[in-house]
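Reading through the structure tokens given below for one structure.
The values are calculated or read from the model by the stated rules, or taken from the named source; none is laboratory data. Quick caveat: nothing in here was measured; it's all calculated off a predicted structure. We place every Cβ from the backbone using ideal geometry, glycine too, and count neighbours over all the protein chains shown. Note: areas computed on protein heavy atoms with side chains; ligands, DNA, RNA excluded. Shrake-Rupley method; radii C 1.70, N 1.55, O 1.52, S 1.80 Å.
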Amino acid sequence: MPYTHILVAVDLTEECREVIQRAQALANSSNAKLSLINVVEPMAMAFGGDVPMDLSMLQQQQFDQARERLDNFAKGYPELTPEQRHLAYGQPRQEIHRLAEEQHCDLIVVGSHGRHGLALLLGSTANDVLHGAPCDVLAVRLKHPI
Ligand code: AMP
């Protein structure tokens, strides 16, 4: 069965353009719809979730900047309409799964640095997204392992 709706998770780095290319090729060959998602992680998460101050204004700024970055990034893909570019706020795994379900996506495409050993213990988004995913997941191996 060909895929009908492919969701590409992007961290807005140059290397994730490779991930989009792979997803685009798949979408073209199966005549599928393509959507992008970028997840902004709440600042409080970076501080371990317990910050004794109000971060709401900073978080709004963070979100507005992310919207601008996503729009600039997507300029390279004029075929993607604004409705196909999603910005979410929260934990990447959770938000990617939520949107995939909501949009009835049948494939999620993420980049993978192919980490192993200790680096893998520290976690990777690709690994995280795979667990409990509501549909198939394709991890595109990125050329330059970190
Ligand atoms: P990482 O394991 O964090 O190096 O990220 C690997 C891949 O996960 C990236 O190439 C993206 O496909 C995806 N990814 C990482 N962070 C995000 C994010 N904040 N929003 C959406 N996708 C992400």
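Given a Förster radius of 30 Å and the C-beta distance between M57 and R98 as r, what FRET efficiency does 1/(1 + (r/R0)^6) yield to the nearest 0.05? Computed FRET efficiency for M57 and R98 comes out at 0.75.
Solvent-accessible surface of the range 5-141, taken per residue with a 1.4 Å probe and all protein chains present: 57 Å². For the range 5-44, the calculated P(r), taken from all Cα-Cα distances in 10 Å bins from zero up to the bin holding the longest distance, is 30, 46, 18, 5, 0 percent. If R0 equals 35 Å, the separation of the Cβ atoms of Y89 and D136 corresponds to a calculated FRET efficiency of about 0.90.
Of E79, E14, the order by accessible heavy-atom surface (1.4 Å probe, DNA, RNA and ligands excluded), from most exposed downward, is E14, E79. In this structure, the amide hydrogen of H113, modeled 1.01 Å from its nitrogen in the peptide plane, lies closer than 5 angstrom to those of L142, counting only residues at least 5 positions away or on a different chain.
Of the accessible area of the range 5-141, computed with a 1.4 Å probe over protein heavy atoms only, carbon and sulfur atoms account for 51 percent.
Work through the residues other than V40 whose Cβ is under 13 Å from its Cβ and net out their charges, Lys, Arg +1 and Asp, Glu -1. Intermediate results must be reported in sequence, preceding the final value.
Working: positive: R67, R69; negative: D11, E41, D64, E68, E95.
Spelling it out: positives minus negatives among the neighbours equals -3.
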